Amino acid sequence: MRNLISLVIPFHFWLPAEGFKLNTNLLETNLINLGVVLGLLVYFGKGVLNNLLDKRKQTILSTIRDAEEWYKEATDKPKQAEIRLQQAELKANEIRVNGLSEMEKEKQDLINIADEDSKRLEDSKNATIRFEEQRAIEQVRQQVSRLALERASEVSNNCLNSELHSRMIDYHIGLLKTMGSTTE
């Protein structure tokens, strides 16, 4: 055992009659003094060190939790933005489809209105043509009648005697009356 102690504490430090005492000179401190000082530091400093380590641990855990929350928010925001983008695209598609169908409906309505207007114009044109035809036919009929009467009057004045002339006039008047009754 003496060899072991002589290894830890050199022999020239041992004084035979002095006994056991602590060496307070830090430059000449031996391992036992160092162990005692470290033991006292650990014993009394353990609470302070534990408090410091606990505070540091809580700070680190709080930072990790905050970072995880920020990460979660950062990953949720693009997802939410993507969902809003998809909703906006769906709404835009719906508006586009509604617009196209509304435009197609308006186009069809305009085509129908144009067709109706065209048909009315065609009917009006045909009615006007028929009216003008009837008027022209009536004018021609009147002129033919007038010319026939004039011609008959000339022929009867030139060629016929008065009795024949009277019968001829009566015949044509009767003919005109029948023509007048058929046109009405």
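Observations on the structure shown:
- Test: residue in the stretch 120-136 that is within 16 Å of Gly180 (Cα to Cα), over 60 Å from the mean Cα position of the chain (by Cα) and modelled with pLDDT of 90 or more: yes
- Screening Leu121, Leu147 for residues that are out of contact with any Gly (no Cβ under 9 Å at 6 or more places or on another chain), surrounded by 10 or more Cβ atoms within 10 Å (Cβ to Cβ) and more than 30 Å from Ile173 (Cβ to Cβ) leaves exactly one candidate, Leu121.
- Verdict on Ala88 being hydrophobic (A, V, I, L, M, F, W, C), assigned to a helix (DSSP H, G or I) and under 20 Å from the mean Cα position of the chain (by Cα): yes
One line per residue, one yes/no per condition, for (1) in contact with a helix residue (DSSP H, G or I) (Cβ under 7 Å, 6 or more places away or on another chain); (2) in a helix (DSSP H, G or I); (3) modelled with pLDDT under 65:
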| residue | (1), (2), (3) |
| --- | --- |
| Pro16 | no, no, yes |
| Leu27 | no, yes, yes |
| Asn50 | no, yes, no |
| Leu61 | no, yes, no |
| Ile83 | no, yes, no |
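The values are calculated or read from the model by the stated rules, or taken from the named source; none is laboratory data. Nothing here was measured: the structure is a model prediction, and the numbers come from that model. Methodologically, a virtual Cβ is constructed for each residue, glycine included, from the backbone with ideal geometry; neighbour enumeration extends over all protein chains shown.
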